[in-house]
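*Asks:* Sending over a structure as structure tokens; questions will come in a sec.
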Amino acid sequence: MKKFGFEYVSDLDRQLSYDDQTFHNDYKPLQHFFIGGFEYVSDKDNQLSYEPVLTKTIIFHDGAYKKLVMGSRDILQQTNAVPIMTSNTSPTGRVSASSNDGANFEEFRAFNGLKGINVGDYWRTPTTSGWIMYEFAVPKCIYKYNITPYSTTSTMNPRDWTFEGSNDGINWSILDERSSMTDGGEFLCPNRQAFNMYKLNVASNNGASALTIVELELFELIPGNYDDSWEQVSTAIPTKENFVKDGISNMHVLNRSEATHDISMSSQQLSTGKLYRTKVDCSTFFEINALHVKKI
């Protein structure tokens with residue numbers, strides 16, 4: 001029986017020892033089968049053991065065998081980047097707004113972690129428009145935000161707004177823009193720039209005399225450097241140990257083929273967005289003409 005790269009031998013007491021040189025026929029499993037990427041071995045008592053099935057690849061290029069060393073990738077945080085605020089400045093950062101509706105409706109209450117509609121749970125301002133802002137102690141890249149509304153049909157909910165970022169409080173970049181909204185929800189914004197101030201600037205609500213936001217959550221993107229490189233493993237034919245230690249297990253990262261995918265849409269109404277362009281330096285890539293596979 002093979003387990004973790006060794007030949008295992010079972011004695012009469014069913015104790016296992018291993019021999020990495022000689023194949024022994026003293027113990028024969030009745031069957032092998034695969035479940036969820038593992039090879040399972042069933043013995044005569046139907047006891048199961050398993051060993052991982054490894055598929056590793058090493059690339060031969062410029063006279064040497066190489067592995068791919070991948071740089072860091074984007075990390076999309078799924079927890080709120082804003083701490084639970086107990087005042088406009090505690091515990092960290094700073095909350096401000098165009099105005100509020102007095103005690104129990106201060107702006108920090110949109111960041112207090114409470115998503116109810118009890119007095120003291122939310123921010124309210126006695127106007128049909130207004131803005132609310134959170135300032136981080138250090139700049140952060142925010143890639144999405146979530147608005148918890150007073151209710152799904154409340155006329156106090158924001159209707160038209162922009163989500164903006166700034167580092168000086170004077171010059172603001174519009175990161176996302178929405179119109180004719182009746183409810184809150186989660187909204188993505190194509191932002192890769194770090195700002196320390198983020199503002200929800202509401203131009204109008206849905207008809208009430210006051211504007212309300214129960215909770216505003218911000219989610220951080222930690223940008224990766226994508227600095228991939230090739231590292232030499234060996235100039236001779238790689239050993240089994242080389243493959244296990246340094247082999248590439250996920251070959252899809254080498255797929256640079258172009259493909260077009262048509263995705264049907266249930267609505268003909270177009271939303272708003274932005275177009276980004278960049279140049280690709282093809283001289284940094286090399287062509288793979290063949291892959292030679294050798295079983296060892």
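The values are calculated or read from the model by the stated rules, or taken from the named source; none is laboratory data. Keep in mind the model is a prediction, meaning the values are calculated, not measured. Protein only, heavy atoms only, side chains kept; ligands, DNA and RNA dropped before computing areas. Shrake-Rupley method; radii C 1.70, N 1.55, O 1.52, S 1.80 Å.
*Asks:* When the accessible area of the range 75-168 is computed with all protein chains present and a 1.4 Å probe, what percentage of it is carbon and sulfur?
*Replies:* Values: 2190 of 4090 Å².
Reported share for carbon and sulfur atoms: 53 percent.
*Asks:* What number, in percent, do you get for the relative contact order of the range 121-227 if the mean sequence gap of Cα pairs under 8 Å and at least 6 apart is divided by its residue count? Intermediate values should be presented prior to the final figure.
*Replies:* Details: 273 pairs, mean separation 49.0, N = 107.
It rounds to 46 percent for the range 121-227.
*Asks:* Shifting gears a bit: Amide H to amide H, which residues 5 or more places from ASN112 or on other chains are under 5 Å from it, using H placed in the peptide plane?
*Replies:* MET85
*Asks:* Taking the solvent-accessible surface of protein heavy atoms with a 1.4 Å probe, what is the per residue accessible area of the range 115-171 in Å²? List each step's numbers first, then the result.
*Replies:* Values: 2360 Å² over 57 residues.
For the range 115-171, the per-residue accessible area is 41 Å².
*Asks:* If amide H atoms are built 1.01 Å from N in the plane of the peptide, which residues on other chains or at least 5 residues away come under 5 Å of the amide H of ASP176?
*Replies:* Counting only residues 5 or more places away or on other chains, the set is PHE163.
*Asks:* Which links in LYS66/LYS140; LYS144/LYS245; LYS115/LYS140 stretch past 30 Å when you go from one Cα to the other?
*Replies:* Values: LYS66/LYS140 36 Å; LYS144/LYS245 38 Å; LYS115/LYS140 24 Å.
Cα-Cα > 30 Å for LYS66/LYS140; LYS144/LYS245; rest within.
*Asks:* Explain nothing, just compute: Karplus ³J(HN,Hα) = 6.51 cos²θ - 1.76 cosθ + 1.60, θ = phi - 60°, for every residue of the range 199-210 in order, whole Hz, x for Gly and Pro.
*Replies:* 10, 9, 10, 8, 7, 7, 9, 9, x, 6, 7, 9
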